[in-house]
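Some notes on the structure that comes next.
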Amino acid sequence: MGGLFNCKKSEDPNKSSGALYSQLYYQNTSSNNIHEDLSSPKEKINLIISLANVQNASYTVNAIISDDNFKTSKTLGRTNTKFGEDITFDTTFILDYYFEKKQKIQFDILILSNNTTEEIHLDTTVASIMGAKQQTLKLVFKEKSTLIVKGSTIKNNNINLKLGLLANTHGINNCAPFYIIKRQVNIGNRITDLERDLKLTSNPNQENIDKFQIDKSKTWIALYKSEVSKEKDFEFTKFKDVVIPVSIITSEEFYQNSELLIELHDNYNQKSLGSCIVTIDQLKTKNYSFLIKSNNNYGDIIVKSNCIIERVYRFLDYLRGGLQIALIVGIDFTGSNGDPNMPNSLHYISNKQENFYEKAIKSCASIVAYYDSDQLFPVFGYGGILPRENNVNHCFNVNLLPDPNVQFVDGIINVYRQAIKVVKLYGPTNFAPIIEKAIELSNEEKGNYIYHILMILTDGQISDINDTIDALVIASFLPISVIIIGVGTADFSSMDILDADTEPLISSKKVKAQRDLVQFVPFYKFQNNEKLLAEEVLAEIPFQVEEYYRLNNMPPRDPIIDNY
């Protein structure tokens, strides 16, 4: 979208308050923060490639990124060629990072020595690199030689612009002002509505006021639209602060000179009041003001800014600092799953194909496992009667041993298959005991930067909804996320209550959840594509991790220090 925004007569200013124009980002209206849309990459990362203990020869490395099954692939690029025994290449690879995807990378090492060429293929995943200690992965080839891949985040991903504006509009009758922020885009010499000369003159009696002239060749798209404000601060109209990630303004490392177009509008009189171009560097100047030359003979309008550059720690910063992601699995052993000896049961075990529980466990657990260094996963069951017992158990160790931990994702599948043979399916479906167990495990690791993901698999409605909400509210104050996968075609409508995307959960004691920590996904929507199931279920995890540590004022243990 280019040019000046024209208000429509029918526009409801209350409905458009704090509206965000770009489809790539969404706004948290409660905090007036702009975040990246969950369908967009959480981070852009940079991979630095080195070789160690190699023979004297010329080396080049190609990198290819692929989906889980290598059905689609994309060449990331090729390094420059270097000669030697220990090499760090000048060329790096920049790519989008997704926690929820199994992004496979193939490195092809091309070796030229004595007029002979040799090619070596090494496979890994982006998760293996970013989940490794110090985000550095070593891949051995030819017995002693090593390909070293070091990941790092793109700097601007971690910087926010917190902006507050005041506009001196008191001289305009019945003025109901709002403003729009636009960012510059490079799309050639397209002619836009901004092809006009708006000359903004300085006020000699006002300090720190600059004069600007809009460049006709620039194209702008709307980034943020403020609320219509009537709040006054003496003669100035005051707008709510807005938080904008610098990464959505520019991808350039030196962002300070990046320009923003600020347009001021009058919603009541349905008119544009004028516009002005400012840089981020200017906005963050203390007591900075700029002047807008009115388009409607209202006189010059002074706009004051209060701008702070904030460091924001992202998911990969916490991984770099040693954060571990610990998976907890909860499996439904209620009778509504059907007799596991019958082919129509959700728990039917076959050597020919995996059942829905097995598919869901593998697709999600295999991704989370990359971030768990010990590969030990506690696995619990609920709603079943154990051997030599008469009463239903709502939280038992699936391996039927004192220690619930099993090793590796295949270990989860193995203990599940063994338990189905001996545990009597019963009911009802109670989630609270499993969530309380996750709370217990999290409290045992308190302060150790271990974030737990509780994956609950269920075939039906919850029987203890109130107790479950109470447990989830407690869990919201701990480093825990809960993903619920609905297996089968039962009525899962109660899950919408738990997946509190719009309204926060409130406990029976009237305590409001600190944050949204639940994600529910029905398996039947993805039963033919488990890869998409994992992407849907795990997409919110990085944001939930960031939110928990931000709300609790916990920076990474080894933060990166930058000067802005």
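The values are calculated or read from the model by the stated rules, or taken from the named source; none is laboratory data. These figures come from a predicted structure and were not determined experimentally. Counting neighbours? That spans all protein chains shown, and the Cβs are built from the backbone with ideal geometry, glycine included.
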*G447: modelled with pLDDT under 95 and under 16 Å from G381 (Cα atoms), yes or no?*
no
*Please specify each residue of the stretch 304-344 satisfying the condition of being among the β-branched types (V, I, T) and over 30 Å from I277 (Cβ atoms).*
I325, I328, V329, I331, T334
*Give just the number: which of (1) touching a Pro at 6+ places or on another chain (Cβ under 6 Å); (2) at positive phi does N115 not satisfy?*
(1)
*Residue by residue through the stretch 229-284, note down the ones that are closer than 15 Å to I180 by Cα and part of a loop (DSSP other than H, G, I, E, B).*
S229, F239, K240, D241, I249, N267, Q270
*asked:* Restricting to the stretch 76-122, give me the number of residues that are among the acidic types (D, E) and closer than 30 Å to V521 by Cα.
replied: 2
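Residue-by-condition table, conditions (1) among the basic types (K, R); (2) surrounded by 15 or more Cβ atoms within 10 Å (Cβ to Cβ); (3) at pLDDT 95 or above:
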{"position": "L454", "(1), (2), (3)": "no, yes, yes"}
{"position": "D467", "(1), (2), (3)": "no, yes, yes"}
{"position": "L478", "(1), (2), (3)": "no, yes, yes"}
{"position": "S481", "(1), (2), (3)": "no, yes, yes"}
{"position": "V487", "(1), (2), (3)": "no, yes, no"}
{"position": "T502", "(1), (2), (3)": "no, no, no"}
{"position": "V537", "(1), (2), (3)": "no, yes, no"}
{"position": "E547", "(1), (2), (3)": "no, yes, no"}
{"position": "N552", "(1), (2), (3)": "no, no, no"}
_So for the stretch 88-104 (the condition being hydroxyl-bearing (S, T, Y), more than 21 Å from F315 (Cα to Cα) and surrounded by fewer than 14 Cβ atoms within 10 Å (Cβ to Cβ)), does at least one residue qualify?_
no
*asked:* Checking the condition out of contact with any Pro (no Cβ under 7 Å at 6 or more places or on another chain), in a strand (DSSP E or B) and at pLDDT 95 or above, which residue from L76, L147 passes?
replied: L147
*Have a look at S366, S336 and point out the one that is in contact with a helix residue (DSSP H, G or I) (Cβ under 8 Å, 6 or more places away or on another chain), in a helix (DSSP H, G or I) and in contact (Cβ under 8 Å) with a residue 24 or more places away in the chain.*
S366
_Let me confirm something: among T88, T92, T81, which residue is of a type in the set (V, I, T), over 29 Å from N158 (Cα atoms) and at pLDDT 50 or above?_
T81
*Just for the stretch 475-523: of the residues that are β-branched (V, I, T) and more than 23 Å from the chain's Cα centre (by Cα), which one is farthest from A534 (Cα to Cα)?*
V511
*asked:* Give all pairs with beta carbons closer than 7 Å in which a residue from the stretch 308-333 that is under 30 Å from A490 (Cα atoms) and in contact (Cβ under 8 Å) with a residue 60 or more places away in the chain meets a residue that is aromatic (F, W, Y) and assigned to a helix (DSSP H, G or I); count only pairs at least 6 apart in sequence or on separate chains.
replied: I331/Y357; I331/Y416
*asked:* I want to confirm something. Restricting to the stretch 386-403 and keeping residues that are surrounded by fewer than 17 Cβ atoms within 10 Å (Cβ to Cβ) and at negative phi, which single residue is nearest to the chain's Cα centre (by Cα)?
replied: D403
*Boolean, N344 is in a loop (DSSP other than H, G, I, E, B) and surrounded by fewer than 18 Cβ atoms within 10 Å (Cβ to Cβ)*: yes
_Cβ pairs under 8 Å, 6+ apart, first in the stretch 525-540 and farther than 19 Å from M495 by Cβ, second surrounded by 21 or more Cβ atoms within 10 Å (Cβ to Cβ) and of a type outside the set (K, R)_ = E530/A360; E530/S363; K531/S363
_Search result, residues across the stretch 347-363 that are among the charged types (D, E, K, R) and assigned to a loop (DSSP other than H, G, I, E, B)_ = K352, E354
*Have a look at V415, V423, V406, V379 and point out the one that is crowded, with 19+ Cβ neighbours inside 10 Å, more than 21 Å from Q519 (Cα to Cα) and in contact with a helix residue (DSSP H, G or I) (Cβ under 7 Å, 6 or more places away or on another chain).*
V406
